[in-house]
Amino acid sequence: MNREENLNQLSNKDKIWDIAVIGGGSSGLGVALDAVSRGLSVALFEKADFAKGTSSRSTKLLHGGVRYLAQGDVFLVLEALKERGRLIKNAPHLTQSQAFIIPVYNFWDRVQYSAGLKIYDYMSANLSLGPSRYISKEETLKRMPGIEPKNLFGGIVYYDGQFDDSRLALSIAQTADHAGACILNYTKVTSLHKNDQGKLTGLNVQDEISKKKYPIQARMIVNATGVFADKILQMDNPEAPKTIQPSQGIHLVLDQSFLGGKDALMIPKTKDGRVLFAVPWHGKLVVGTTDTLREKAKLEPEALQKEIDFVLETASGYLTRKPTREDVKAVFAGLRPLARPKEGSTKTKEISRSHKVILSESGLVSITGGKWTTFRKMGEDTVDYFPKVTGLNLPDSKSQDILLHGYSKEIAGGHWKIYGSDAQKIQDLAKENPAWAEKIHPDFPNIGAEVIWAVRKEMAQKVDDVLSRRIRMLILDAQAALDSADKVARLMAEEMDKEEAWIKAELEDFQKTASKYLIKT
């Protein structure tokens, strides 16, 4: 992806795009991917970096949702399981099957969970990742050495998908870009255009780096801004009612040794009825999540102390080594863009995770709710509104068969896996400069060439883009990311021809951001 080339496309004021997408998270990128699969011209504008918000702060699971099945949301589970299977096929470098173990403490739990997971297996059909089964206490402890053995009856193994969320977002952006879409980060939509009939005809965007403004014409405008959807709806109509109920979820990152083994732990019912996961990911253990009602949407939400305490307390009940605040390598918070129920229920775990497409009188199409696993279907359902808005014919969607950027049958090992077919190119790049072959941090495998690649090929503009969403260090170990920031900033500055003042400003910005990922002990 070349940002300057894409910005140059905006200079043609006579061009009318078929679809202009506002938002570069999972839902917006899903819309862009589906639209290009049908031959439509697409421009996507993200005010920050791709997946900067909720879409880089997930539990890293591609799943049908065992708990949604327990709530009776069968259609959502069926849809998600189908999409899970497709995504694992289309992006094997960013996805994988993950075994989960539910600890069982009595015979009734064994019967109840076994029955539920057999239904889950059946619903997966030919896209199943493996059959669920009951295992003994001895096998459970062998596979999860860190689990508390007291009163343990056994365990139930089942399989779901796992992925790298911000890397997947980037891969989707690259795929759409290569197919002809104009994909841009750090471009903010400042206003909408309407004709005399009150119908949308375009929008104004501003490049947040150069501050240059561009008027854009579009046949259909999609609002895919997640928890910020109401801001665009109110930009379109100041009287528009609220549609989003933000719900905060936090995750704590620990050393993987707290659980041991390769399996993930799934706690099906915590003391307040939630589900908690402890999932091995990139050599660490990601533990979460919470479900806390929040009224205000923020780009950098912060974990509440009560949420941190809840996760630590719940995890301690299942682990032999009781994690403390000092053990937490990083904490990250995300806001789910749940569709606000008409009754105004405050129990977020009861609000449906199904997505909704809303068509406003002006022709603005908004996609709200949903989950990462179903991003492609969300995109397809949104693009289906094109004929209703424009009156033009629309070819069938072909997005379900698109192999995503980096797809390769030969998957690289170790941390190189997430780059797929790009892995060898980055390793070759490292040979051009000794500094690019050096590690960024002694405890992480990432090297300088990955920073150069992120700038040249992945539209990274800021230190945070690299350390948080390109190589994931910030959410794996916040202190390590802080220690690496100066080296990353200097590599970026040299590649981007920036002055010392840019380095200083970037380091100050990153310090502020990274401090929110550190737990104050």
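The values are calculated or read from the model by the stated rules, or taken from the named source; none is laboratory data. Because the structure is a prediction, the values reported are computed rather than measured. In this analysis, Cβ positions are derived from the backbone assuming ideal geometry, glycine residues included, and neighbour counts consider all displayed protein chains. SASA here: full protein model, heavy atoms, side chains in, ligands and nucleic acids out. Shrake-Rupley method; radii C 1.70, N 1.55, O 1.52, S 1.80 Å.
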The lone exception for ASP497 - which of (1) out of contact with any helix residue (DSSP H, G or I) (no Cβ under 9 Å at 6 or more places or on another chain); (2) at negative phi it fails:
(2)
Using beta carbons and a limit of 8 Å, which pairs, at least six apart or on different chains, have the first residue in region 60-79 and acidic (Asp, Glu) and the second one open to solvent by less than 30 Å² (accessible area, probe 1.4 Å)?
ASP73/GLY65; ASP73/ARG353; GLU79/THR374
Of ILE308, ILE232, ILE250, the only residue that is among the aliphatic types (A, V, I, L, M) and outside any helix (DSSP H, G or I) is ILE250
Could you check, for region 201-214, whether at least one of its residues is touching a residue at least 12 places away in the same chain (Cβ under 8 Å), in contact with a Phe, Trp or Tyr (Cβ under 8 Å, 6 or more places away or on another chain), open to solvent by less than 10 Å² (accessible area, probe 1.4 Å) and closer than 20 Å to ALA173 by Cα?
yes
Please find, within region 139-177, the residue that is surrounded by the fewest Cβ atoms within 10 Å (Cβ to Cβ) out of those that are under 14 Å from LEU87 (Cα atoms) and of a type in the set (S, T, N, Q).
GLN162
Can you tell me which residue in region 313-334 is farthest from PRO149 (Cα to Cα), limited to those that are in a helix (DSSP H, G or I) and touching a strand residue (DSSP E or B) at 6+ places or on another chain (Cβ under 7 Å)?
ASP327
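Residues checked against (1) closer than 30 Å to ALA460 by Cβ; (2) touching a Lys or Arg at 6+ places or on another chain (Cβ under 6 Å); (3) at pLDDT below 95:
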residue: TYR105; (1), (2), (3): no, no, yes
residue: TYR113; (1), (2), (3): no, no, yes
residue: ILE119; (1), (2), (3): no, no, yes
residue: SER124; (1), (2), (3): no, no, yes
residue: ARG133; (1), (2), (3): no, no, no
residue: LYS137; (1), (2), (3): no, no, no
residue: LYS142; (1), (2), (3): no, no, no
residue: ASN151; (1), (2), (3): no, no, yes
residue: LEU170; (1), (2), (3): yes, no, no
How many of the residues in region 401-453 are over 25 Å from the mean Cα position of the chain (by Cα), crowded, with 20+ Cβ neighbours inside 10 Å and assigned to a strand (DSSP E or B)?
0
Output for region 93-134, where each listed residue is farther than 26 Å from ASP164 by Cα, buried (at least 16 other Cβ atoms within 10 Å of the Cβ) and out of contact with any Leu (no Cβ under 9 Å at 6 or more places or on another chain):
ASP109, ARG110, TYR113, SER114, TYR134
I need every pair where a residue in region 389-400 that is farther than 21 Å from ARG376 by Cα has its Cβ under 9 Å from the Cβ of a residue that is assigned to a loop (DSSP other than H, G, I, E, B) and open to solvent by less than 70 Å² (accessible area, probe 1.4 Å), sequence separation at least 6 or different chains.
THR390/GLY363
When you look at LYS89, is it at pLDDT 95 or above, surrounded by fewer than 24 Cβ atoms within 10 Å (Cβ to Cβ), under 23 Å from ALA264 (Cα atoms) and of a type in the set (D, E, K, R), yes or no?
yes
I'd like the residue in region 236-285 that is within 22 Å of the chain's Cα centre (by Cα), within 27 Å of GLN112 (Cβ to Cβ) and modelled with pLDDT under 90 and, out of all such residues, is most open to solvent (accessible area, probe 1.4 Å).
ARG274
Give ALA80, ALA51 a once-over and let me know the one that is open to solvent by less than 20 Å² (accessible area, probe 1.4 Å), within 19 Å of TYR122 (Cα to Cα) and in contact with a Ser or Thr (Cβ under 7 Å, 6 or more places away or on another chain).
ALA80
So which residues in region 493-521 are closer than 21 Å to LEU299 by Cβ and in a helix (DSSP H, G or I)?
ALA505, GLU506, LEU507, GLU508, ASP509, PHE510, GLN511, LYS512, THR513, ALA514, SER515
Name the single residue, out of those in region 182-200 being part of a loop (DSSP other than H, G, I, E, B) and touching a strand residue (DSSP E or B) at 6+ places or on another chain (Cβ under 8 Å), that is most open to solvent (accessible area, probe 1.4 Å).
ASN195
